[in-house]
Amino acid sequence: MKNIFLIIAAVFLFASCEDYLARQEDEALTFEKIWLKRETTEQYLYNVYGFMPNEADVGDDNIWIPASDEASFTYNRSYRKMNDGTWNPSSPPGDKWDVCYQGIREANTFMGNVHACPDLSSDEKDQYFAEARFLRSYYYFMLVRMYGPVILIGDEPVDFNAASLDVPRNTLKECINYIVAEMDACAQVLPTSRPNNWLGKPTKGTALAVKARLSLYAARPLFNGNEMYAGVANQDGTKLFPASYDKEKWKAAADANKAVIDLGVYQLHKSEDNDPYKNYMETFHANWNEEIIFGYSTPAWRWTVVTIPRVVGGVAYGGVAPTQQMVDAYAMKNGKYPITAYNTDGSPVIDAAAGYSEEGFVNFEHPIDQPEGTVRRKSTFRMYVDREPRFYASVFWSGADWIYMGRPNDIKVPDFSTNGNSGPGQSHDYPKPGYMWRKMTDPSLDTKNNQWGTLSWPLIRLAEIYLNYVEALNEYDPTHADILTYMNLVRERAGVPNIEQVYPEAVGDQVKMRKLIRKERQIELSFEAHRYFDTRTWMIAEQTDDGPMYGMNVKAHSSGGSTPASFWQREVFETRVFKPKHYLYPIKQREMDRNKQLVQNYGW
């Protein structure tokens, strides 16, 4: 499908007004002439879109997944420094300070000139103005979630590349109030829906959904009376973070998310036969389905090629994997979570009532991976038996069948052990935890012949809004009936029993329900760039991201071309470092040197 992000990549991506003017070779296009024609005015708007990061990328544009406890990417990219705690203000991995402020500057330039274009109707001018205004606010949102309080520059196209720029940071309250107000204003102008050729552009629901997520972040512990940041202040003594906890922020977050729900525009995606496995998988494979609030279709090659085991053939660099901690998070098919905690030696504390075991093997029929017209039962490690549907739609383990395009005569069996056909020893492209991630990978595509398809990547989808809403309600009013209603909608779509049927003791209990809501969010939104920000705004990353990361024993040597018995045990594949200063990004040292009024974030 044609959408704004593909247009940018193919045609109109340029970094600044100066670059744009320099590329016009046929005539001398001055700044004033840009705004005389529809074509050049629209091209400038596409320029403003061009600063959006590609969160479906596995490179430095999307460091949030491998820098969280849910994932391991085997590749040597900048997120490695975040994993081992060696990053610093001189070169922060995936830094977005420069690119976001460039986008803000270009948005301001466009907003200040679009109404001068005689080729556009009054309604078109207002719509384009609102799009740029949304993008400006979204870039501020991206900055706040990384750095906390930032600099609000107003409506002028301030040059952040100037040799010196002495401007202090605004308070967190000012930043959040500004973004919320701007998104509200955009929602008044942006359309409720878009035609099929512009599905990547923001809508009313998009603006309200960004506001809803930011309101949730603002209510969470990191930004709501966090004592650790009490001493962070501008040089004039202005405190940058709120000094005390405010319960009403949870109500504001609940109201903001309910407003998106009440639009009635979006629905949880379900397959034609309401199959829970297809329901979840199609959420990412069915382009622009009814659940997507903000997102884009992107060529799936970059993501798919790293989530296909080497043994499959063709171009396959399989090295993107869930950690054992992520594997442990999934419920059993009875809805119970099998792992309730970990002992000091890293061994799991198992809920005996869940029906879970890590002992031995059983013959098991995989609910998804079956050749057309046949049924295969395989000896399977009991850890992977009788789990919920989202587990099988997301996690691929060593020794399971990779059925190429459903063909019964084209079945590969990946072995992630040392010297195995998809493990270490023969290539650096292997999953360190001994698993492969499959949630966004469409097995029906003929990847050996370079048929990669497109990926429907959700920046925001309705399931997130439901879970945002129930989290905020639980913190504000744990007896509210909507907590069960909307949490169960997510679980029902995934084929998981209602929460009150499985954990009746949690109903009305804020602490117990909080734990269950966070677990549901970890599973439903896995590998969608949420977990990084969730663990940090909840302020639990010192427990989740600091210390050993577990997987299966990939150091075990392949036995006769198959996964050996010694593989099936928990082993540390790397030890990560997370310190209190890591909850927020450092402001780049270059900015600190140029702007003498900037104060650095805590601990940096």
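The values are calculated or read from the model by the stated rules, or taken from the named source; none is laboratory data. Please read all numbers here as calculations on a predicted model, not as lab measurements. Quick reminder, even Gly has a Cβ in these numbers, built from the backbone with ideal geometry, and neighbours come from all protein chains shown. Heavy atoms of the whole protein, side chains included, go into the accessibility calculation; ligands, DNA and RNA do not. Shrake-Rupley method; radii C 1.70, N 1.55, O 1.52, S 1.80 Å.
For this structure, a couple of remarks:
- Which listed residue is open to solvent by less than 10 Å² (accessible area, probe 1.4 Å), within 26 Å of Pro548 (Cα to Cα), in a loop (DSSP other than H, G, I, E, B) and out of contact with any His (no Cβ under 8 Å at 6 or more places or on another chain), from Gly335, Gly318: Gly318
- Qualifying residue in the stretch 399-406 (condition: touching a residue at least 40 places away in the same chain (Cβ under 8 Å), among the small types (Gly, Ala, Ser) and buried (at least 19 other Cβ atoms within 10 Å of the Cβ)): yes
- The stretch 471-503: number of residues that are more than 16 Å from Ala331 (Cα to Cα) and not hydrophobic (A, V, I, L, M, F, W, C): 11
- Scanning the stretch 390-409 for residues that are under 14 Å from Ser526 (Cα atoms) and either of a type in the set (D, E, K, R) or outside any strand (DSSP E or B) (or both) returns Arg390, Phe391, Tyr392, Ala393, Ser394.
- Qualifying residue in the stretch 85-99 (condition: of a type in the set (Asp, Glu) and within 20 Å of the chain's Cα centre (by Cα)): yes
- Listed by first and then second residue, the pairs linking a residue in the stretch 591-604 that is over 20 Å from Met228 (Cβ atoms) and touching a residue at least 40 places away in the same chain (Cβ under 8 Å) to a residue that is among the hydroxyl-bearing types (Ser, Thr, Tyr) and open to solvent by 50 Å² or more (accessible area, probe 1.4 Å), with Cβ atoms under 7 Å apart and 6 or more places separating them unless they lie on different chains, are Arg594/Ser164.
- When Tyr384 is tested against the conditions (1) aromatic (Phe, Trp, Tyr); (2) open to solvent by 10 Å² or more (accessible area, probe 1.4 Å); (3) without any contact (Cβ under 8 Å) to a residue 40 or more places away in the chain, the lone failure is (2).
- Inter-residue pairs, beta-carbon under 6 Å, first open to solvent by 50 Å² or more (accessible area, probe 1.4 Å) and in the stretch 436-462, second among the small types (Gly, Ala, Ser) and assigned to a loop (DSSP other than H, G, I, E, B), 6+ apart: Lys448/Gly313; Lys448/Gly314; Thr454/Ala300
- Test: residue in the stretch 530-545 that is surrounded by fewer than 17 Cβ atoms within 10 Å (Cβ to Cβ), part of a loop (DSSP other than H, G, I, E, B) and in contact with a strand residue (DSSP E or B) (Cβ under 9 Å, 6 or more places away or on another chain): no
- Flag: Gly423 does not match the condition of being modelled with pLDDT of 95 or more and open to solvent by 10 Å² or more (accessible area, probe 1.4 Å).
- Selection status of Arg213, in contact with a Lys or Arg (Cβ under 7 Å, 6 or more places away or on another chain) and either surrounded by 14 or more Cβ atoms within 10 Å (Cβ to Cβ) or not in a loop (DSSP other than H, G, I, E, B) (or both): no
- Residue within the stretch 439-448 that is at pLDDT below 95, of a type in the set (Asp, Glu) and touching a strand residue (DSSP E or B) at 6+ places or on another chain (Cβ under 9 Å) present: yes
- For the stretch 561-604, taking the residues that are within 20 Å of Tyr532 (Cα to Cα) and hydroxyl-bearing (Ser, Thr, Tyr), the one that is surrounded by the fewest Cβ atoms within 10 Å (Cβ to Cβ) is identified as Thr575.
- Scan of the stretch 58-83 for residues that are modelled with pLDDT of 95 or more and of a type in the set (Asp, Glu), ordered by number: Asp69, Glu70
- Out of Thr454, Thr441, Thr479, sole residue that is over 30 Å from Met549 (Cβ atoms) and touching a Ser or Thr at 6+ places or on another chain (Cβ under 6 Å): Thr454
- Scanning the stretch 226-254 for residues that are within 18 Å of Tyr476 (Cα to Cα) and surrounded by fewer than 16 Cβ atoms within 10 Å (Cβ to Cβ) turns up Ser244, Tyr245, Asp246, Lys247, Glu248.
- Extreme residue, surrounded by the most Cβ atoms within 10 Å (Cβ to Cβ), among residues of the stretch 255-279 that are outside any loop (DSSP other than H, G, I, E, B) and among the basic types (Lys, Arg): Lys278
- For Leu36, the conditions (1) aliphatic (A, V, I, L, M); (2) crowded, with 17+ Cβ neighbours inside 10 Å; (3) at pLDDT 75 or above are fulfilled apart from (2).
- Looking across the stretch 84-104 at every residue that is closer than 18 Å to Arg133 by Cα and among the β-branched types (Val, Ile, Thr), the one that is most open to solvent (accessible area, probe 1.4 Å) is identified as Val99.
- None of Phe533, Phe567 is modelled with pLDDT of 95 or more and touching a Ser or Thr at 6+ places or on another chain (Cβ under 8 Å) except Phe567.
- Filter result for Ala185 (touching a helix residue (DSSP H, G or I) at 6+ places or on another chain (Cβ under 8 Å) and surrounded by 23 or more Cβ atoms within 10 Å (Cβ to Cβ)): no
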